[in-house]
Amino acid sequence: MHQQGVTLWFTGLSGAGKTTLCQAVAEVLRSQGYQLEVLDGDTVRQNLCKDLGFSKADRDENIRRIGWLSQLLTRNGTIVLVSAISPYREIRNEVRQSIGQFIEIYVNTPLEVCESRDVKGLYQKARAGILKGFTGIDDPYEPPLNPDVECQTHLESISHCVVKILNKLNDFLPLQSPIPHNARIGN
Ligand code: ADP
């Protein structure tokens, strides 16, 4: 059976929960035997986008490259899970158009919550002025106007978010196994 490809695109502030949800969804899909690839923004910036900084032009180029790679993988039947802040709406929409089979997941966690988590200590550095142009502090984040899935991680558990995402994925790509409702995933 030829698997149909699709890109799940997680967007949101740093510390919103993109990587966490991406990994949790990947874990469920992997356990069901699906062919998938995870493109994590931080990892991509160490490789494919090593030459890019954080200006608007560079951020757009970063997303364009991730989008192009996702497009190739998607059309070859892979489920692609992208976790990237991707702060600009226009380039997200451009990528959506080029990929076609695309699910936009808005990991909508308030700035205060992301900042209190401060997973990588970056908010502290941004507030101290050590890090300039940090999304949400002194650089914009344009929220999706019509996301396919919205996760409010300050209100919803990881497993609840995962079920919502898998339900949406099921519309694109009928899953072989039932979606785990009380997931053995995270909290
Ligand atoms: P990002 O990839 O968006 O920068 P991370 O996934 O690295 O964010 O960090 C998010 C943090 O929030 C993790 O420590 C995670 O355990 C925590 N968290 C708490 N509740 C949730 C939830 N419902 N969904 C996702 N992450 C959550």
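The values are calculated or read from the model by the stated rules, or taken from the named source; none is laboratory data. On a predicted model such as this, the values are computed, not experimentally measured, just so you know. Heads up, the Cβs are rebuilt from the backbone with ideal geometry, glycines too, and the neighbour counts pull from every protein chain shown. For the accessible areas, the whole protein counts, side chains as well, though only heavy atoms, and no ligand, DNA or RNA atoms are used. Shrake-Rupley method; radii C 1.70, N 1.55, O 1.52, S 1.80 Å.
Computed quantities for the displayed model
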item: Subset of region 44-80 [exposed (fewer than 15 other Cβ atoms within 10 Å of the Cβ), in contact (Cβ under 8 Å) with a residue 40 or more places away in the chain and part of a helix (DSSP H, G or I)]; result: 75
item: Test: residue in region 96-116 that is farther than 30 Å from residue 5 by Cβ, basic (Lys, Arg) and in contact (Cβ under 8 Å) with a residue 12 or more places away in the chain; result: no
item: Where a residue in region 157-170 is over 12 Å from residue 103 (Cα atoms) and its partner, wherever it lies, is among the small types (Gly, Ala, Ser) and surrounded by fewer than 18 Cβ atoms within 10 Å (Cβ to Cβ), with Cβ under 7 Å and at least six apart; result: 158/186; 159/186
item: Single residue of region 26-43 satisfying the filter (in a helix (DSSP H, G or I) and small (Gly, Ala, Ser)) that is surrounded by the most Cβ atoms within 10 Å (Cβ to Cβ); result: 41
item: Test set (1) part of a loop (DSSP other than H, G, I, E, B); (2) within 16 Å of the ligand (Cβ to nearest atom) - residue 3 fails condition number; result: (2)
item: Conditions (1) in a strand (DSSP E or B); (2) buried (at least 21 other Cβ atoms within 10 Å of the Cβ); (3) in contact with a helix residue (DSSP H, G or I) (Cβ under 6 Å, 6 or more places away or on another chain): number failed by residue 86; result: (1)
item: Close pairs from region 11-33: first on the phi > 0 side of the Ramachandran plot, partner within 14 Å of the ligand (Cβ to nearest atom) and in a helix (DSSP H, G or I), Cβ under 7 Å, at least 6 apart; result: 12/18; 15/114; 15/117
item: Residue in region 11-18 that is part of a strand (DSSP E or B) and open to solvent by 10 Å² or more (accessible area, probe 1.4 Å) present; result: no
item: Test set (1) modelled with pLDDT of 95 or more; (2) open to solvent by 50 Å² or more (accessible area, probe 1.4 Å); (3) more than 15 Å from the ligand (Cβ to nearest atom) - residue 174 fails condition number; result: (1)
item: Residues located in region 123-135, provided they are in a loop (DSSP other than H, G, I, E, B), within 16 Å of the ligand (Cβ to nearest atom) and open to solvent by 30 Å² or more (accessible area, probe 1.4 Å); result: 131
